[in-house]
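To start, the structure itself, in structure tokens.
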Amino acid sequence: MTVLMEFIKVSKKYRKSDTLALDGVSFELKEKERIAYLGPNGSGKTTTCKIMSTVLYPDSGKVLFHRQNIFKMRKEYLKKIGVMFGNKTKLMENIKLQDAFLLLGHIYGLPEKDIKKKVFYYAERLNVGHLLDKRLREFSLGERTKSELIGTLLHDPEMLILDEPTIGVDIISRYEMYELLKDINKTRGTSILITSHNVEDIKELAERVILINKGKVVFDGGFPEFKRRFGVEEKDVVLRFRNYTEFEKAKQELSGFVKRIEGVNLHLAIRDEEMPRVLNKLVSFQDYEILIKEKDLSEILRRSFSA
Amino acid sequence: MKYLNIAFYSFKDSLISLSDFIIMSIRPFTILFIQFFLFKYVFSHEREVGGYTFSMIVAYIFVVGFISTFVDAGSFPYKMESSYIKGTITTELVLPVDYYFFEYFKNLGQRLAFSLQFIIANLILYILGGIKVKLINVLFFIPSLFLAFTLNFSMYFIVGSLVFRFVKIAGITEVVRFLGGLTGGRLFPLSFLPEVIQGFITRLPFAYTVYFPANILLGKGFTKEDIIIFLFWTFLMTFSSILIFERLRETAEGYGG
């Protein structure tokens, strides 16, 4: 695969707060690649996205797109990428959504016919077709986010930079977004770089993970290796028993998975591949409630980095 | 073409935001109301002041009401400050446009929307009030109005760009607004002032944002020197604003979150 973007020894210091946000960060993004760019809060993720989208300028280092400096071809470069910042919109809020898309399409120099065709297609895919005659200010957060994604895709970007795109979005909307993004990646070869605190985003979209902490890259590898090293494939399961005998029985039989006990509640940590075996055992117990939680990525990263 | 689209949709956006539209429409008329009665009192004692009769001053305050509403960009630095602190400015900076022209045309659309009622008020005054405006004056007035808009917008764009350095720019914005109000001829014709002060103020850029275009429309005449100063300030401010914005943008650190 051809290299699309090169981030070469990029540093950025915030002088007012005396923070070194990026300290010689280097990585490459290839065509068709899907990268999750992760790190704890304040690690430099958003700074990277802002530099990649020419919003911020680095103090040193180079950022190349097709081997050309992005800051020397800013407007041309911005036509080739799509940028989405979670909870922020580039669409006008008081006019009808379809007009807001028309304006955005005109800014990218697209013919009106093409804009309408694409808007209709994406709106159907993301289930917001019924909103085209309404105004963005009347939308729910999920509807706004899906509209913003359509706006980001209108000009068929070669690369997408998605900074926490699903923040505050419900699970159904998130899966609609994942499906569309995977489809675009597959059919058009659009590269994706995503930052998120949501495990589901990473599981669904990332093939490769770059982990950043205190402005330095601390991990760069495939998603399976990342899962193994950072325990992402584990789920937190809580069993709430109403019967003490059943609680004791479960405690013994699931002893290998017990992480914590609170009264008659068992807190278990179960890896994805062990889940079927545990579920088989659970069938034999009675009088309990089960709660399965995805691991919180921020928590995993916080623990990993503080260890 | 894309910039004209920005102006068009911004015009639409401003009309649809009804509460803003009503407030922004009423505000200039309240000043006009006060000015009218103030000048009525002044002209009850004098037939002519600074080369203006009462009917001419009424025409002046209506025309100035329109021009100052049309060229107004005083809220732009506040918008920049708020979007910089909240980080929403990033969504505009990632668009493949020149930011100056993007905001220029957005503001143009918005100001057109907010000036509509003044155009109507001026037409009523023209038809019912017996005010005579020559066609040649209108032909000179239109380009001068757009130049005035450009000049005023560029000055506030420079102030707005300071957000990249200072983050909080309300103080400096208010100073510029105050100077603009005082020396732009918004409250009274600058010819009311003593000649020495007048000579100084009419060389400052603010005089060309309101007073000068109003004089053109009302047939007060202008010299070659006036045109040169007007063009000088407009080009200087436009180029400076683009350069200052780009320069300061490179040093920006924040954009909230």
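Keeping every protein chain present and rolling a 1.4 Å probe, give me the accessible area per residue for chain B in Å².
On a per-residue basis, 47 Å².
Whole-Hz ³J(HN,Hα) for each residue in the stretch B:48-54, computed from phi via Karplus 6.51 cos²θ - 1.76 cosθ + 1.60 with θ = phi - 60°, x for glycine and proline: what do you get?
My calculation for the stretch B:48-54 gives 9, 10, x, x, 10, 8, 4 Hz in order.
Hey, can you grab everything whose amide H is under 5 Å from the amide H of A:Ile192? Only 5+ residues off in sequence or another chain; H modelled, so Pro and N-termini drop out.
The answer is A:Glu33, A:Arg34, A:Ile35, A:Leu160.
Provide the buried accessible surface between chains B and A in square angstrom, both chains summed, 1.4 Å probe, rounded to the nearest 100.
3000 Å²
Could you check what % of the DSSP bridge pairs in the protein assembly as shown are antiparallel, to the nearest 5?
So the antiparallel bridges amount to about 70 percent of the total.
Using the Kirkwood radius over Cα pairs, work out the Stokes-Einstein diffusion coefficient for the stretch A:219-258 at 37 °C and 0.692 mPa s, in µm²/s as a whole number.
Estimated via Stokes-Einstein, D reaches 260 µm²/s.
What residues of the stretch A:90-107 lose no less than 40 Å² of accessible area with every protein chain in place versus their chain by itself (probe 1.4 Å, heavy atoms only)?
A:Lys90, A:Met92, A:Asn94, A:Ile95, A:Asp99, A:Leu103, A:His106, A:Ile107
Any idea of the accessible area per residue across the stretch A:1-105, 1.4 Å probe, to the nearest Å²?
Roughly 39 Å² per residue, with all protein chains present.
Near B:Lys79, which lysines are there with a Cα under 18 Å away, not counting those fewer than 8 places off in the same chain?
A:Lys88, A:Lys90, B:Lys106, B:Lys168
Counting only DSSP beta bridges with both residues in chain A, tell me the antiparallel percent, nearest 5.
Beta bridges within chain A, antiparallel portion: roughly 70 percent.
What residues have an amide H closer than 5 Å to that of A:Val83, excluding those fewer than 5 places away on the same chain, when H is modeled at 1.01 Å from N in the peptide plane?
A:Ile161
Would you mind checking which residues have amide H under 5 Å from A:Lys216's amide H? H placed 1.01 Å from N; only 5 or more apart, or other chain.
When sequence neighbours closer than 5 places are left aside, the close amide H contacts are A:Asp23.
On a full-extension model of 0.36 nm per residue, what is the gain between A:Leu20 and A:Val3, subtracting their alpha-carbon distance, rounded to one decimal in nm?
Extending this stretch completely gives an extra 3.4 nm.
According to the square roots a ≥ b ≥ c of the eigenvalues of the Cα gyration tensor, what is the shape class of the stretch B:2-250, taking rounded for a/c under 1.5, prolate for a/b larger than b/c otherwise, and oblate for the remainder?
It is prolate, given that a/c is not under 1.5 and a/b is the larger ratio.
In whole Hz, with x marking every Gly and Pro, tabulate ³J(HN,Hα) for the stretch A:88-105 from phi via Karplus 6.51 cos²θ - 1.76 cosθ + 1.60, θ = phi - 60°.
Values, residue by residue: 10, 10, 9, 8, 5, 8, 9, 9, 4, 4, 5, 5, 4, 5, 4, 4, 4, x Hz.
Which entries of B:Lys40/B:Lys224; A:Lys116/A:Lys227; A:Lys186/B:Lys12; A:Lys117/A:Lys182 have Cα-Cα distances beyond 31 Å here?
The answer is B:Lys40/B:Lys224; A:Lys116/A:Lys227; A:Lys186/B:Lys12.
The values are calculated or read from the model by the stated rules, or taken from the named source; none is laboratory data. All values derive from a computational prediction rather than experimental measurement. The accessibility values were calculated without ligands, DNA or RNA, using every heavy atom of the protein model including side chains. Shrake-Rupley method; radii C 1.70, N 1.55, O 1.52, S 1.80 Å.
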